[in-house]
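For reference, the structure discussed in these notes is given below.
The values are calculated or read from the model by the stated rules, or taken from the named source; none is laboratory data. If you're wondering where the values come from, they're calculated on a predicted model, not measured in any experiment. Cβ coordinates were reconstructed from backbone atoms using ideal geometry, including for glycine residues, and neighbour counts include every protein chain displayed.
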């Protein structure tokens with residue numbers, strides 16, 4: 001499963017357990033926050049249609 005997210009004006013492809021560096025996010029390294037701007041979610045061969053209720057915890 002992976003998701004395409006938008007954070008800090010950039011788009012990222014993320015998988016569960018990935019670590020990424022993002023710009024323009026307030027907080028300290030290691031803090032958790034929700035990313036609700038999910039552009040696509042794919043699980044094996046299924047692409048999610050309704051992304052309004054999807055979020056990524058980073």
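Which members of region 38-51 meet the condition of being surrounded by 13 or more Cβ atoms within 10 Å (Cβ to Cβ), modelled with pLDDT of 75 or more and not in a strand (DSSP E or B)? Result: 51, single match. Scanning region 1-22 for residues that are closer than 21 Å to residue 51 by Cα, part of a loop (DSSP other than H, G, I, E, B) and in contact with a strand residue (DSSP E or B) (Cβ under 6 Å, 6 or more places away or on another chain) turns up just one, 1. When we screen 25, 54 for residues that are without any contact (Cβ under 8 Å) to a residue 40 or more places away in the chain and part of a loop (DSSP other than H, G, I, E, B), the only hit is 25.
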